[in-house]
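What follows is one structure encoded as structure tokens, with my remarks underneath.
The values are calculated or read from the model by the stated rules, or taken from the named source; none is laboratory data. In this text the structure is predicted, and so the values were computed from the model without any measurement. Note that we place each Cβ from the backbone using ideal geometry, even for glycine, and neighbour counts take in every protein chain shown. Please note that ligands, DNA and RNA were not included when accessible areas were found on the heavy atoms of the full protein model with its side chains. Shrake-Rupley method; radii C 1.70, N 1.55, O 1.52, S 1.80 Å.
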Amino acid sequence: IDKQVQILIDSGAAIGAMPPEYAQDYPIVPTDGLAKYRAANGGLLDNQGDRIVRTGLTDVHGQQFDANIRYAVLDVKRPIASVSRIVDLGGEVVFRREGSHIVTGGGRTIRMKRTGGVFTIDATIRPN
């Protein structure tokens with residue numbers, strides 16, 4: 001069953017992350033990152049490994065597409081996408097008052113929403 005989520009777009013995150021209870025039907029694979037990460041509150045988070053998750057997205061033209069996104073499995077509250085990781089993969093992240101968006105490495109534009117001072121995108125976690 002598809003799971004609708006909001007992914008936090010975080011310019012301060014070194015990596016993308018998701019809570020352990022998300023996408024449990026995907027295996028945890030060895031991490032390509034660190035064993036521990038520092039949370040925004042200063043605490044340390046144990047990296048339980050990575051999940052590569054098929055994630056449904058919608059571009060600004062209403063076209064749906066799937067992307068295989070690598071998330072570190074950490075004790076976080078919701079899925080997080082790292083701006084630096086998006087840029088490293090050839091994407092672009094634009095924050096503007098008039099409207100913020102992500103341009104993927106493949107050239108698709110995804111609109112971000114600003115809610116309560118944070119930027120998110122709507123996404124769907126597809127079953128494995």
Could you give P(r) for region 80-128, binned at 5 Å from zero, as whole percent values over all Cα-Cα pairs? 5, 19, 28, 27, 15, 6, 1, 0
Quote the charge dipole size of the chain about the Cα centre in Debye, to the nearest 20; the model charges only the Cβ of Lys and Arg (+1) and of Asp and Glu (-1). 320 debye
Report the antiparallel proportion of the DSSP beta bridges in the chain as a percent, rounded to a multiple of 5. 85 percent
Could you work out the relative contact order of region 1-76? I mean the mean sequence separation of Cα pairs under 8 Å and 6+ apart, divided by the number of residues, in percent. 34 percent
With each pseudo-label sitting 7 Å past Cα toward Cβ, what's the Q63-A14 distance in nm, one decimal? 3.6 nm
What percentages, rounded to whole numbers, describe P(r) for the chain computed over all alpha carbon pairs with 10 Å bin width beginning at zero? 12, 46, 35, 6, 0
Just the number please: accessible area per residue for the chain, 1.4 Å probe, all protein chains included, in Å². 58 Å²
What percentage of the solvent-accessible surface of the chain, computed with a 1.4 Å probe over protein heavy atoms, is contributed by carbon and sulfur atoms? 49 percent
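Evaluate the relative contact order of the chain (contact order divided by residue number), counting alpha-carbon pairs under 8 angstrom at least 6 apart; express in whole percent. If you can, show how the numbers build up before the last one.
Working: 277 pairs, mean separation 47.2, N = 128.
Reported relative contact order: 37 percent.
Using a Förster distance of 25 Å, how high is the FRET efficiency between D32 and R78, based on the Cβ-Cβ distance and rounded to 0.05? Please list the in-between numbers first.
Details: r = 22 Å, r/R0 = 0.86.
Computed FRET efficiency for D32 and R78 comes out at 0.70.
In percent, how large is the relative contact order of region 46-118, given Cα pairs closer than 8 Å and 6 or more residues apart? Intermediate results must be reported in sequence, preceding the final value.
Values: 97 pairs, mean separation 17.1, N = 73.
It comes to 23 percent, rounded to a whole number.
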FRET efficiency, D46 to D122 (Cβ-Cβ, R0 30 Å, nearest 0.05): 0.55
